[in-house]
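S.K.: Below is a structure I'd like to ask you about.
The values are calculated or read from the model by the stated rules, or taken from the named source; none is laboratory data. What you are looking at is a predicted structure, and each value in this text was computed from that prediction instead of being measured. Note: ideal-geometry Cβ built from the backbone for every residue, glycine included; neighbour counts use all protein chains shown.
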Amino acid sequence: MKQLLSATLDGIDAKPVDVETTFTKGLPAFGIVGLASSSIQEAKERVKAALLTNGFSFPPLRITVNLSPSDLQKTGSHMDLAIALAIALQNDETSFDNLYIFGELGLDGRLKDTRSIFPILLSLKNQNLVSKAMVPVASLDKLSLIPGITYIGVENLAEAIAICRNEQEPKEVEATPIEGERITVDGREFFFLREYPEDFYDVKGQEVAKRAALIAAAGMHNILMEGSPGCGKSMIAKRLRYILPPISLEEILQMNQYALLGGEEPLFVPLRPFRAPHHSSSKPSIFGGGSSRAKIGEVALAHGGILFFDEFPHFAKSVLEALREPLQDHRVLISRVNSKISYATRFMFVAAQNPCPCGNLLSTTHSCRCSEVEVRRYKQRISDPLLDRIEIYVQMQDSHPDDQPSITSEQMHQEVIHAFMRQMKRGQKHLNGKLDEKEIETFCRLEPEAETLLSRAIQRFGLSHRSVANVKKVARTIADLDAKERIQKEHVLEALSFRRREGV
């Protein structure tokens, strides 16, 4: 029995598949078993034609190909090459050393690229299951973007057989290295770019909002900006992407896996994603869905980066309430009759809103045209449980002609990088804004004066358990920006100043 390795997609993740073949006595036949889809069943004719045109003679025996595990649904034409090699090399003493094999066969034995090879290899690498793969030469331009894999490119079936029999030297291709700069913390590599196509230097005034943006970026905290139209909310949100913390190789792989499954073109650059769906977007487009097979949505595509909701209160009520789970649990489960998909949603949520329907409630130059009832109804579109999951609230100031720029994105990014390194050196798996309750107790240690201040704030403002956790996380990030090991009184005070007040 000959056994080779291939893989198939199961939801959003790839699962290894053993391609096994046996030749047994009986009427000559060729069958594929193991819950194979019609595209794989059709492979019998492609494999047979390719083998015959490349000098292989089928023995008068019953050939059975088993795709294991047998209870896993397999789809795609990318298993053609693995099936053909398992048959052609049945009597050869060859060792494949954990080599994954992919490629669709033409009737003359030429190898073709398929859309499924890229996401499968990306997922396998993300799970640390693959280090070497045999693929069509036509696939190498895309596949070489996936780092950490050595590829053996082959033009046709005859070349693949010759390489497996050690009759021809394989042409190995290494992956293209990740662009940008890198830093190493405790043996782990992180990547980042010093490119700022949209710079905070363009934002004039708004010193409080820029400070809030710096804190939010350094800890990946959720932030809500409220202010009059044109005061700079969207400007700040769009510039946040370029000052976010460095990113690991594992995160780059997972983000690109989600991008590919969402129909996006993957880009292996250390730049975190920025997703800004329109407020008219449907719930399935935000969270994923589909009638038969579940698909991912915007919250998955924003994983590791920013999900920006402009005109926050104008999103559908069902969308706003469904947002609570991914913000709290950092994961979404989509259940359908035929499939269930669970995916990570560890993103930074950024929201912007006007203070009232007309937008002029906080303006010092324009009068508000809204009644108290209209303002209250506008505010009530966003529930307290959802607002409780947003750590930083900042009220924007009116723009003035004498406002001046004060800080560049490069300066802010440098502060974020220093704060990031302090978080990683503490042994944190996640940034401050994404710590769970146990991690908060471990890493968010307060000085005695800070403890006393926080206790008074809890009594005075009636802070919930989640609100206290949010204050601690934000204070931890402020302390990191201040290069302090423990959270001090002034850090808690600043964190409390970014807390949303009741009735605001």
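S.K.: Hey, which of the strands (runs of 3 or more DSSP E) in the range 130-188, taking only ones fully inside, have at least 3 residues that are over 30 Å from residue 414 (Cα atoms)?
M.R.: It comes to 132-136, 150-154, 172-174.
S.K.: Restrict the check to the range 73-87 and report whether at least one residue is without any contact (Cβ under 8 Å) to a residue 60 or more places away in the chain, out of contact with any Ser or Thr (no Cβ under 9 Å at 6 or more places or on another chain) and outside any helix (DSSP H, G or I).
M.R.: no
S.K.: How many residues are of a type outside the set (D, E, K, R), assigned to a helix (DSSP H, G or I) and more than 17 Å from residue 219 (Cβ to Cβ) when one looks only at the range 451-473?
M.R.: Count: 9.
Results for (1) under 30 Å from residue 407 (Cα atoms); (2) at pLDDT 95 or above, shown as yes or no for each residue.
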| position | (1), (2) |
| --- | --- |
| 231 | yes, no |
| 239 | yes, yes |
| 244 | yes, yes |
| 253 | no, no |
| 264 | no, no |
| 275 | yes, yes |
| 291 | no, no |
| 300 | no, no |
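S.K.: Would a scan of the range 201-208 turn up a residue that is charged (D, E, K, R) and either farther than 30 Å from residue 472 by Cβ or not assigned by TED's automatic domain parsing to the domain that holds residue 395 (or both)? I'd like the intermediate steps shown before the answer.
M.R.: Our first condition is that a residue be charged (D, E, K, R); within the range 201-208, this holds for 202, 204, 207.
Narrowing further to those that are either farther than 30 Å from residue 472 by Cβ or not assigned by TED's automatic domain parsing to the domain that holds residue 395 (or both): 202, 204.
Yes, that holds for at least one residue.
S.K.: Tell me which residues, restricted to the range 155-173, are among the charged types (D, E, K, R) and either outside the structural domain of residue 96 (by TED's automatic domain parsing) or touching a strand residue (DSSP E or B) at 6+ places or on another chain (Cβ under 6 Å) (or both). First the steps, then the outcome.
M.R.: Kept after step one, since they are among the charged types (D, E, K, R), are these residues of the range 155-173: 155, 159, 165, 167, 169, 171-172.
Within the range 155-173, 171, 172 qualify.
S.K.: For residues in the range 466-483 being of a type in the set (D, E, K, R) and modelled with pLDDT of 95 or more, which is nearest to residue 244 (Cα to Cα)?
M.R.: Among residues in the range 466-483 that are of a type in the set (D, E, K, R) and modelled with pLDDT of 95 or more, the one nearest to residue 244 (Cα to Cα) is 480.
S.K.: Another question, then. Mind checking which residues of the range 182-225 are among the acidic types (Asp, Glu) and on the phi < 0 side of the Ramachandran plot? Step through it out loud before you land on a result.
M.R.: The initial filter retains those residues of the range 182-225 that are among the acidic types (Asp, Glu), namely 186, 189, 195, 198-199, 202, 207.
The answer is 189, 195, 198, 199, 202, 207.
S.K.: In the range 10-19, which residue that is modelled with pLDDT of 90 or more and surrounded by 18 or more Cβ atoms within 10 Å (Cβ to Cβ) is nearest to residue 84 (Cα to Cα)?
M.R.: Applying the filter and picking the extreme gives 19.
S.K.: Go through the residues of the range 106-113 one by one and say whether even a single one is part of a loop (DSSP other than H, G, I, E, B), free of Cβ contacts under 8 Å to residues at least 12 places away in the same chain and out of contact with any His (no Cβ under 7 Å at 6 or more places or on another chain).
M.R.: no
Each row is one residue, and each column tells you yes or no for (1) assigned by TED's automatic domain parsing to the domain that holds residue 255; (2) of a type in the set (Gly, Ala, Ser); (3) under 30 Å from the mean Cα position of the chain (by Cα).
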residue	(1), (2), (3)
6	no, yes, yes
14	no, yes, yes
24	no, no, no
29	no, yes, no
35	no, no, no
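S.K.: Looking at 66, 54 in this structure, which one is on the phi < 0 side of the Ramachandran plot, part of a strand (DSSP E or B), touching a Gly at 6+ places or on another chain (Cβ under 7 Å) and in contact (Cβ under 8 Å) with a residue 40 or more places away in the chain?
M.R.: The conditions single out 66.
S.K.: Check whether at least one residue in the range 237-257 is surrounded by fewer than 20 Cβ atoms within 10 Å (Cβ to Cβ), under 21 Å from residue 203 (Cβ atoms) and more than 15 Å from the chain's Cα centre (by Cα), and report yes or no.
M.R.: yes
S.K.: Can you pull out every residue in the range 226-235 that is touching a strand residue (DSSP E or B) at 6+ places or on another chain (Cβ under 7 Å) and either of a type in the set (Lys, Arg) or farther than 19 Å from residue 302 by Cα (or both)?
M.R.: The answer is 226, 227, 233.
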